[in-house]
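Just so it is clear, none of the values below were taken in a lab; they were calculated from the coordinates. Since this is a predicted model, take the numbers as computed values, not measurements. Because the Cβ atoms are built from the backbone with ideal geometry, glycine has one as well, and the counts that use them run over all protein chains shown.
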Amino acid sequence: MLNFLKTNNLRKVYARHTGRDDMPEALRKQLEVKEAYQPETLISNNPFVIFDTETTGLHLEEGDRLLSLGAVKMTGGRIHLGDAFYELIDPKGSISTSSIFIHGITPDIASARPHISDILLKFLAYIECDVIIAHHASFDMKFLNHAMRSCFGFSIQNRVIDTALVAAWIQRMEEVELIAPESCHDTRFDAIAAHFGITANDRHTAFGDALSAALLFQRFINILNKNGVKTLGQLVRIAGVSIQGG
Amino acid sequence: MVEIPYNKIIEFLRGIVPFNELPQEVLSGLPQKISIDYFPRESLILEQDGSPCDYLYIIQTGAVEKTVRKDDVDILLEYKAENDFFGSASLINRTGPAFNVRAYEDTVCYLLPKETFDELMQNHAGFHEHFAIRLSKLAYRLKKARTGIFAPRGVSDTVVFRSDDYLFNVTAGDLVKQKPITCLPYQEASFVAKLMAREGVGSVVVVDARNCPLGIVTKSDMTNRILATGKTGSEPIRTIMSAPVFSVAPEELCFNVLFKMARFNCHHICVVEGKSLSGIISQHDLIMLQGSNPLAVINDIEKQTTVQGVALLVNAMDRMVKRLLSSGASSKEIAAVVSECNDHLTRKIIALTEEALREEGIGPPPVSYCWLALGSEGRKEQTLRTDQDNAIIYSDPEPGSDQDIHKYFLRLAQGVVSSLKICGFPLCKGGIMASNPQWCRPETVWRHYFSSWINEASPEDLRNCTIFFDFRPLTGDAVLAQKLRTFLNHNIEKNRAFLRHLSTNALYNGPPLGFLRALVVEKTGDYKNELNLKMSGLVPVVDAIRVLSLSEQINATSTLNRLEAITRKKLLSKDMAEDIKEAFNFIMLLKINHHIMQKEKEIEPSDYINPKALSKLQRKSLIEAFHVIRDLQGELRVRFPESI
């Protein structure tokens, strides 16, 4: 019931924001996400999308924007390289979608890259209703949702898991020194990856980093399982990232 | 979508034989087919006789062990580590895995699906051939494991060596034993049949007037193509020979020979220099090469009548060691075979030298004597040809006659030592050889040496003890050696304080373990960043075990036999003894492997090794081994508190 109200709400937000009511297929999928979430599903069987973003800088408020978006899929603990996602984004193109619907053209037509809204739609089609995972996910989600809201008026509805939170939890449980104190975003991931003997993929491409994060999460599944964390619901409780705004 | 940057994965694949054979565009297409799986340590990845594999498993990080279960015991087949793969046999044969594959460390594998694998096998000859050969090697290992040549796991000596096979080390020329039997194309079949019978061969090469091979005739050709088709013996041989024949140059590797045989499905390959035939290799020759046959080498030694003849067999011995190593033999087995061969060789040399002295009119040995093997030779721990360490003990002569008798044995010793040198056994730099007047002495003098070393125990005396107390009779009157051993045991019993000195000496060298399991390497000099396997690994074990064994009047000289005797006397726990055995064996194998590799690169063999150059698994095992040695030294320290 609540879900239905929420779904209806999303439609309204979209219509208000874009001035249209024909939601593209990928966006309509977003309406089903909440319904699809089954907290009792075993982590070991559940499909996940592990992703990473690259941005022009660290500060959204100062105009930094998304540069690239990479992701891999995992099912049954296995990463499928063939089912990967990688897009480069033209950072200048982050303008409101309503104008694009009116003009029918993107402002930066000279650029070979599709507009951010197209990329977001592709990404939404790729992730479907899966739980999505990133390292320090709130950072990536801030940029992604900013773009989402400016294009479609609402945020990504999928459940988000932060591998850094999983790592912190494991550190508490197993009393292992996973995270070097007072280190920045990158070295933290590097330190954790090094601890688990994950050989670096192409660092600092969104795809390479997404793959590294996936390799890390692959190991976490096993450790979590040993510590009694077996279901999606439990995972979300220890490492879920709350999504701000509608 | 933008092209996905799979570069790292493609690079990784390109580093793996036989993926390196694939063209770039094929390689670039592979990552899309691959999935990545993770197996925590000790999880079972493939199950023996389970369902056939759906993937080729390429190890990206970690290591796995292959074991065969037989009569409820797991027999270790081999380890596979990074950049290696498994599952190919099951994939190719579509049968359940013939062994269990278990993660030995936390392991990440790239999974290449069956369809993709099949496609590569079909379209890329190099790729296909690699797996065909791999399969036959694996079948060989499996067969050995099942017939119990490999020790059961747990009891087994850990072999962590990639088997560098004879295929890549022996050349076609090495394999040619004798001049091939040939005939001309127009000669009659009956003539060739008689030739085969007379020469006792199964095949004859048909050559032209310039000795260029044209074809080959085998016994079965005779039956199938003459008798079975009703032709007569007057048929010219060219009408029934198999042609063309395939040839290789003498310097080509056996791998290429096997490769050609497989590709052209033929049983014989000609070895040609230029165009002229110099030999023939059969499939049987290659099969024989795969097994190691020390008996054949020993027989060959026995047949020799000259020192030069013996010296020529030395290379065959080296090859044998290499084969033993790659077939997964333990260091004990290798050392036993090498000692056996060296013993035979030395005895042969001594017999030849005695004979030469007789022929020169100097006559036979004037009194009974015994040739003593010392040091590593005395312990039967020689692996390759190491420096000579030997001595002569002879019966106490009648008073006054010693000078002539000493002169005879010195002359014998000089002859033996120089012949051994010709056979590749370098002279001892410290002069510990029977040709040194000091070490060619009657019983009384030897007893005097031993008792003064035990009583005085100066650093030099103690050094001598570590070499001489491992003596073993090699040829001649073994009673002389036995009497000396009994004397030694009594003397030590009377003077137990000596053991403390010897123990202090044994603790002088220790394993190079630093803080937190790190390996300590040389900081400067020629061997910077390297560590000495012999001095920091083997010597401490040998020395410690010697002290313990002398303290219990154990007569055995080989370290592992001593260890067994010590354990029976409950000086060490069974578990500890097992660990020491594993550690000793592992370092020994590492050393043998290292020496063989250096020899191949024509570098002077040294005992220094760079731990970084070892595989992860080897390095880990080495650290474990050093810890065991440290524990052993601790035991020794407790039992024989340091002398001041």
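Numbers below:
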quantity: Cross-link partners of B:Lys219 among lysines (Cα-Cα below 27 Å; sequence separation of 8 or more within a chain); calculated: B:Lys177, B:Lys179, B:Lys194, B:Lys231, B:Lys260, B:Lys275
quantity: All lysines inside 28 Å of B:Lys570 as judged from Cα atoms, apart from same-chain residues fewer than 8 positions distant; calculated: B:Lys332, B:Lys380, B:Lys483, B:Lys494, B:Lys534, B:Lys581
quantity: Ranked B:Arg546, A:Arg65, B:Arg69, criterion: other C-beta atoms within 10 Å, fewest first; calculated: B:Arg69, A:Arg65, B:Arg546
quantity: Average beta-carbon neighbours from other chains, 10 Å sphere, peptide A:71-83; calculated: 4
quantity: Exercise: per-residue mean of other protein chain Cβ atoms within 10 Å, B:9-15; calculated: 1
quantity: Cβ-Cβ FRET estimate between A:His59 and B:Ala125, R0 fixed at 60 Å, reported to 0.05; calculated: 0.60
quantity: Trypsin sites (Lys or Arg not before Pro) within segment B:210-262, DSSP loop, no more than 16 other Cβ atoms inside 10 Å; calculated: B:Arg210, B:Lys231
quantity: Coil-residue trypsin sites (Lys or Arg not before Pro) of segment B:595-638, DSSP, other Cβ within 10 Å capped at 15; calculated: B:Lys601
quantity: For the protein assembly as shown, diffusion coefficient by Stokes-Einstein and Kirkwood Rh (Cα), 25 °C, 0.890 mPa s, µm²/s; calculated: 73
quantity: Pairwise centroid distance, computed over Cα atoms, of segment B:1-56 with segment B:600-631, Å; calculated: 30
quantity: Segment B:334-423: GluC sites (Glu not before Pro) in DSSP coil with no more than 14 other Cβ atoms inside 10 Å; calculated: B:Glu360
quantity: Helical mean residue ellipticity (222 nm; -39500 (n - 2.57) per DSSP H run of 4+; nearest 500) of chain B; calculated: -14500 deg cm²/dmol
quantity: Relative exposure of A:Arg159, B:Arg102, judged by other C-beta atoms within 10 Å (fewest first); calculated: B:Arg102, A:Arg159
quantity: FRET efficiency, B:Lys483 to B:Ser452 (Cβ-Cβ, R0 22 Å, nearest 0.05); calculated: 0.75
quantity: Residue exposure sequence - A:Ile119, A:Ile223 - by fewest surrounding Cβ within 10 Å; calculated: A:Ile223, A:Ile119
quantity: Span from the segment B:415-446 Cα centroid across to the segment B:365-387 one, whole angstrom; calculated: 10
quantity: Cut-off 15 Å (backbone N to label point 7 Å along Cα→Cβ of B:Gln178), residues of segment B:205-221; calculated: B:205
quantity: Debye, to nearest 20: dipole size of the protein assembly as shown, +1 on Lys, Arg Cβ, -1 on Asp, Glu Cβ; calculated: 1160
quantity: Cross-link table B:Lys528/B:Lys599; B:Lys70/B:Lys114; B:Lys33/B:Lys612; B:Lys8/B:Lys616, entries beyond 23 Å C-alpha to C-alpha; calculated: B:Lys70/B:Lys114; B:Lys33/B:Lys612
quantity: Amide proton proximity set for B:Leu214, modelled H, under 5 Å, gap of 5+; calculated: B:Val206, B:Val207, B:Asp208
quantity: Which of A:Thr18, B:Asn509, A:Phe152, positive extreme of dipole for the protein assembly as shown (C-beta unit charges); calculated: B:Asn509
